[in-house]
Structures are given as C-alpha cells and as structure tokens.
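Enquirer: My structure is below; once you've seen it, I'll send some questions.
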Amino acid sequence: MQIHSNLEELGRQLLAGKVRVVDCSGTLGPDTPILRLPEDFAKNTPKVEINKISEYDKDGPFFAWNWMVLGEHSGTHFDAPHHWITGKDYEDGYTDTLNVQRLVAPVNVIDCSKESAENPDFLLTPDHVKAWEAEHGEIGKGEWVVMRSDWDRRADDEDSFLNADENGPHSPGPTPECMEFLLAKGIVGWGTQCIGTDAGQAGGMTPPFPAHNLLHRDNCFGLASLANLDQLPAKGAILIAAPLKIERGTGSPIRALALVPQG
Ligand code: 23J
Ligand code: MN
C-alpha cells in the first residue's frame with residue numbers, strides 16, 4: 001500500500017514554502033479594462049461597479065458588504081465553449097455544466113513579451129510554437145497554453161490596454177494555424193494577457209476571431225487578461241482557472257492561480 005500519496009507530498013511542499021502560488025488575476029474594479037465592440041453592436045459589457053451596502057454604519061453596524069455590476073467577460077476571465085456559435089451545441093459547454101477536472105492542468109508559457117513590445121500586432125504561428133517546444137519540451141494533451149506578452153503592465157490604463165486606433169484594436173494573439181496546431185495536440189485551453197483570447201486585428205482573419213472560433217468549436221476554454229505570467233516558468237507550473245458556476249454562463253471572472261515549484 002502506498003502510504004504517502006503524491007497529494008500528501010504536495011501538501012507538505014506547499015506548507016514548507018516550496019510551492020509558490022502566483023496570482024494570475026488582475027484586480028476587478030471600476031478601472032478594469034472592458035472590451036468595447038464596434039459601433040454596429042448596440043450593447044456592451046458595462047464597466048464594473050462595486051456598490052456599498054454597508055460598512056459598519058446605519059445600514060449594517062457590524063458588517064461590510066457590497067453588490068456589483070459585473071459582466072461575465074470582465075477582467076481576468078474564462079471563456080466557456082457556449083460563448084461562441086461554434087461551441088453552441090455542447091451541453092457541457094457552460095460555466096455550470098463543464099467538467100471541472102479539466103480546469104486544473106499543467107501550463108505551457110510561451111514568452112512573446114519582446115515580440116509584443118516591438119509589434120503590438122505580433123501573431124504567434126505554428127513555427128514559433130515548434131521552436132518553443134524544441135527548447136522547452138512538447139505541449140501535452142489536456143494542458144493549458146498561455147501567451148506571455150506582459151500586456152498586464154498596461155492594465156491600469158484602459159486606452160493603452162485596448163490600444164485602438166482608426167483601424168481597430170492592436171494587441172498580440174494567435175494565427176488560425178497556430179490555434180489548429182495547438183488544438184490538434186488536445187490542449188484544454190488557450191490564454192492571453194490581452195482583453196480577449198484573439199489578437200486585436202483578428203476580426204479580419206479566416207475564420208474571424210480564430211481563437212474563439214476554433215477553441216470553442218472543440219469544446220475548449222479561453223482565458224483573457226491573465227496577469228503575472230512573467231513570474232511563471234515555461235513549463236513545470238500547474239494552472240487552476242475556475243469560472244463561477246453561473247447558470248448557463250458563457251464565461252466568468254476567475255481568480256487564476258499558478259502553482260510553481262521552487263528551487
Ligand atoms: C464578444 C464578441 C467578440 C469578442 C469577445 C466577446 C471577447 O473577446 C471575449 O471577452 O470573449 S472578441
Ligand atoms: Mn471573454
């Protein structure tokens with residue numbers, strides 16, 4: 001009989017300070033950058049509101065609490081398969097029906113920070129991923145893949161984060177071929193540090209918004225506005241990215257946590 005399980009060992013390592021928990025979420029509040037759709041769409045996600053109910057005052061002498069206005073796709077968040085038309089028929093494609101076993105998985109961190117600093121429209125291709133795998137090892141089935149751009153450094157300035165001009169938003173992301181390449185490996189999901197999983201200019205790609213289109217076609221998950229990816233190793237960390245259990249939800253803000261072995 002195995003007396004010491006691997007989980008017991010993980011617990012010991014956590015308590016001994018040998019596993020660093022990295023917070024991969026940004027702060028959610030009125031200044032959190034929110035996606036703005038083009039003018040031809042009447043409705044948009046509202047800015048986050050945090051409204052006070054009480055804080056040890058006449059409305060609650062012993063207690064502090066707030067109520068919020070919060071879109072599903074706000075701040076550091078999760079895209080469920082039902083978010084996109086290509087994923088509409090998955091019964092397990094909603095925040096309350098997905099298989100939570102899939103949400104805890106090894107994470108592959110592809111550093112595109114230099115390229116993104118030089119070119120905000122930088123696109124990750126299969127060749128980039130192959131070169132990354134040659135250096136760091138193969139991306140495996142069931143794993144997360146995230147694109148590090150250090151875009152979180154812009155998160156305190158919405159205009160800089162969205163980075164839009166008369167030609168639309170400019171932010172890095174994947175090519176359609178890159179998404180197909182990763183999905184063929186059986187990844188669980190793809191994440192970026194920008195406002196959405198797709199590049200700013202992805203509306204003009206074939207198909208439009210390939211990260212959304214292809215991820216959700218394959219019942220896979222998206223992560224957006226991730227923070228602190230500069231603190232993760234290329235391989236070796238475990239990412240926990242769990243949405244709220246919103247009824248028939250298409251996405252949710254998350255507290256994304258990465259477990260990083262030390263030493
Ligand atoms: C709705 C329509 C287009 C896009 C998005 C949402 C997102 O990026 C999102 O938050 O999932 S591109
Ligand atoms: Mn989203």
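Enquirer: At a 1.4 Å probe radius, which order do Phe181, Phe122 fall into by accessible area, largest first? Please list the in-between numbers first.
Expert: Numbers: Phe181 50, Phe122 20 Å².
Largest accessible area first, the residues go Phe181, Phe122.
Enquirer: Suppose we keep just the DSSP beta bridges with both residues in the chain; what percent of those would be antiparallel, to 5?
Expert: Values: 27 of 41 bridges.
Once the DSSP bridges in the chain are tallied, antiparallel ones form about 65 percent.
Enquirer: Which loop GluC sites (Glu not before Pro) in segment 67-135, with loop taken from DSSP, have no more than 10 other Cβ atoms within 10 angstrom of their Cβ? Spell out each step's value before the answer.
Expert: Details: sites: Glu72, Glu91, Glu115, Glu118, Glu133, Glu135; in loops: Glu72, Glu91.
Filter output for segment 67-135: Glu91.
Enquirer: Carbon and sulfur atoms: what percent of the 1.4 Å accessible area of the chain do they account for? Numbers along the way, then the final one.
Expert: Working: 7540 of 13820 Å².
So the carbon and sulfur contribution to the accessible surface is 55 percent.
Enquirer: Moving to a separate point now. Rounded to the nearest 20 Debye, what is the dipole magnitude of segment 122-206 about its Cα centre when Lys and Arg each give +1 and Asp and Glu each give -1 at the C-beta? Don't skip to the answer; put the middle values down first.
Expert: Working: 6 positive and 16 negative charges, 74 e Å.
Dipole magnitude for segment 122-206 comes out near 360 debye.
Enquirer: Work out the FRET efficiency for His4 and Gln262 from their Cβ-Cβ distance, taking R0 = 22 Å, and round it to the nearest 0.05. Can you show the working numbers first?
Expert: Numbers: r = 20 Å, r/R0 = 0.91.
FRET efficiency, His4 to Gln262: 0.65.
Enquirer: Here is a further query. With a Förster radius of 22 Å, plug the Cβ-Cβ distance of Gln101 and Lys130 into 1/(1 + (r/R0)^6) and report the FRET value to the nearest 0.05.
Expert: Numbers: r = 29 Å, r/R0 = 1.31.
The computed FRET efficiency comes out at 0.15.
Enquirer: So what is the accessible area of the chain per residue, in Å², with the probe set to 1.4 Å? Don't skip to the end; give the middle numbers.
Expert: Working: 13820 Å² over 263 residues.
About 53 Å² of surface per residue is accessible.
Enquirer: Same structure, new question: Compute the length gained on full extension between Asp157 and Lys114: take 0.36 nm times their separation in residues and subtract their Cα-Cα distance, giving the result in nm to one decimal. Can you show the working numbers first?
Expert: Numbers: separation 43, 0.36 × 43 = 15.48 nm, distance 2.03 nm.
Full extension of this stretch gives 13.4 nm more.
Enquirer: Note the count of lysine pairs whose C-alpha atoms are less than 17 angstrom apart in the chain, limited to pairs 8 or more residues apart or on different chains.
Expert: Numbers: Lys18/Lys235; Lys130/Lys141; Lys130/Lys185; Lys130/Lys235; Lys141/Lys185; Lys141/Lys235; Lys185/Lys235.
Eligible lysine pairs with Cα atoms under 17 Å apart amount to 7.
Enquirer: Leaving out ligands, DNA and RNA but keeping every protein chain, what accessible area does Thr175 have, in Å² rounded to the nearest 10, with a 1.4 Å probe?
Expert: That residue has around 10 Å² of solvent-accessible surface.
Enquirer: Could you work out how much longer the chain between Asp165 and Asp23 gets when fully extended? Use 0.36 nm per residue separation minus the Cα distance between them, nm to one decimal.
Expert: Details: separation 142, 0.36 × 142 = 51.12 nm, distance 3.12 nm.
Contour length minus Cα-Cα distance gives 48.0 nm.
Enquirer: Once amide H atoms are built 1.01 Å from N in the peptide plane, which residues 5 or more positions from Ala237, or in another chain, come under 5 Å H to H?
Expert: Excluding prolines and chain starts, which carry no amide H, the hits are Val107.
Enquirer: Relative to a virtual label point 7 Å from the Cα of Glu247 in the Cα→beta-carbon direction, which members of segment 73-103 show backbone nitrogen distances below 18 Å?
Expert: Only 92-98 fall inside the zone, counting backbone N under 18 Å.
Enquirer: In terms of modelled amide H atoms, which long-range or inter-chain residues lie less than 5 Å from the amide H of Gly251?
Expert: It is Ala80, Thr95, by chain and number.
The values are calculated or read from the model by the stated rules, or taken from the named source; none is laboratory data. Treat the numbers as computed from the prediction; the structure is a model and nothing was measured. Note that each Cβ is placed from the backbone with ideal geometry, even for glycine, and that neighbours are counted across all protein chains shown. Surface areas here come from the heavy atoms of the whole protein model, side chains and all, with no ligands, DNA or RNA. Shrake-Rupley method; radii C 1.70, N 1.55, O 1.52, S 1.80 Å.
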